[in-house]
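Here's the structure we're looking at; comments come further down.
Every number here is computed from the coordinates shown, using simple stated rules; none is lab data. Predicted, not measured: the structure shown is a model, and the values here were computed from it. Don't worry about glycine lacking a Cβ; one is built from the backbone with ideal geometry, like all the others, and counts go over all protein chains shown.
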Amino acid sequence: MDAVIYIRWSSSEQGKGSSLERQREDCREHAARHGWNVVEELIDEGVSAFKGRHADVGALGRFVASVEGGRYPDGVVLLTEKLDRLSREQAKKVFAWMLDLTELGVTIATVEGDRRYDRNNLDMPAIIEVVVKAQLANEESEKKASRLSAAWAVKRSRLARGEAIVLTRRAPAWLAVEGTPSAFVVREDRAAVVRRIFEETVAGLGKHHIARRLNLDGIDTFGRASGWHASYIQKILTSPAVLGEFQPGSKPRGERRRRVGDPIVDYYPRIVDPDLHANAQRAMAGRHRRVIGRGRSLVNLFAGLAKCASCGSGMTFRGKGLKKRADGSFVNEDYLICDSYQRGRGCGVGHHFNYAVWESAVLDAILLDALGDRHFASPEVLRPLEIELAERERRREVDRLKAETALTLYLETDRAEVKARWLELASAVDAHVAAVDDLRDRIVRARGAVSPEEHRRRIFALRDTLRDEDEQVRFKTRSRVMEAIHELLENMTFCVSPPAVEMVQRDGWDVRVRWEEWGAEKGFTWEKWARDEA
């Protein structure tokens, strides 16, 4: 008679040991003793039978479906090590499942006790045996789940009280767990890669571009993947663990992991400064405004801002580079053009705005407004204050959310201890607000102000490096200018008749840059006015 062997274990850790080999060998020897022809082996690796998920989506579920589809018309033996390999659900569910399966012609056999159950021998003793074994297995799983849940609850409460403990040896890829008692140790080579990812995100690079650069530079991945992928870059950028935060959770058997309680700060060693993290989040939030051109030149400073006046679509960058004229001179043929026109999506305005010419004209009009003192502050003085500010703002948000939760709970329960906790958290939030205000004042003073004439001189000096031959200098300057422009402007609209760019500033001013022709004379003019006076 044909037999199908079923092997299951409930965790991948067991699979690393002898569970697979033991179950396979015992079942094969058992089949050989009874003269059964093993036609297939089914394996559910690291799958719990407590909630029955293996019988729905695992190998066992597929076997039942094949039986129901008529795959074994002459019957088949389902052989397993012992009954609880098939299920650890409640006894009545196990018995009903076995009853249905045996009615389809399946003989259920176990190595343990050399037992066989089919539709002809499910008499009262067999029924009692099945029910008792199933009930014992279910109770054992219930107790194990309860003990694990209680143990994790104790560990989480110790963390909440501020104890420095390691919950599990599983850790982010840039950390290792070493020593007794266990402690997290930073893997500096990987932490440096993580910081590079954040720094390149702030500089304007997208996750696909960052992954490509890491692969081209031969940087080893953190796992078994053959190379860096954008999805993993995104996972790193959105992980609170880089700031040292840990979100406790609970994962009942057969269910998805869910959050439990508030995030715990300083659980992991912090490997990214709060200000770098905050800047990266802002860069990702405005990623649609950042388009990377050839190399690291950030060719389009207006990406995401520039719109077509005719249809409202974005202006897309078409880079053709420098072209040599007949007279031997060169002309830049990079253009901005309506994206809807280019893709044939309905817009009839196909005017090509020479990018280099219009970039220069726009910067003439707005660069003094865009670049303030803070863009020229000494990083040695300013950076520690900005780090402290970002950390304070993050802690303020954490405590604010906790206070809201406590207030809701107090309104529902009217418990005195909950009210006390809410008052404590509200006071902490007030302290954070005061500290943030003070830090912002200190940052303003640290940035320092210079005379209008000195400010103009340093802006002109900076502008001279926008097209510097040194790629690193050029990229750094264009990143700074691009960030300043996007902070200043809400949007900019490119008009064809007459050729002009109209810009809406966030500070309540509007600016228009227009191409003018006065007979033989031609050039750009610009004007600025307060929006409420328009």
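Taking 0.36 nm per residue of sequence separation and removing the Cα-Cα distance, the Glu45/Asp532 pair yields an extension gain of 168.5 nm.
In this structure, the amide hydrogen of Ala183, modeled 1.01 Å from its nitrogen in the peptide plane, lies closer than 5 angstrom to those of Glu178, counting only residues at least 5 positions away or on a different chain. To make sure I understand the rule: partners must be aspartates and glutamates, Cα under 13 Å from the Cα of Lys402, and not fewer than 8 residues away in the same chain. Which ones qualify? The reachable aspartates and glutamates, counting only those whose Cα sits under 13 Å from Lys402, are Asp262, Glu424. For Trp228, the amide hydrogen comes within under 5 Å of the amide hydrogens of Asn215, counting only partners 5 or more places away or on other chains and with H modelled in the peptide plane. Karplus-based coupling profile of the stretch 456-463, in residue order and whole Hz: 4, 4, 6, 5, 4, 5, 5, 4, with θ = phi - 60° in 6.51 cos²θ - 1.76 cosθ + 1.60 and x standing for Gly or Pro.
Of the cross-linked pairs Lys307/Lys528; Lys235/Lys419; Lys207/Lys528, those separated by over 31 Å at the C-alpha level are Lys235/Lys419; Lys207/Lys528. For the peptides 200-213, 92-105, the ranking by packing is 200-213, 92-105, with the highest mean count of neighbouring Cβ atoms within 10 Å listed first. Packing order of peptides 335-341, 510-516, 385-391, highest average first: 335-341, 385-391, 510-516 (average count of other Cβ atoms within 10 Å over each peptide's residues).
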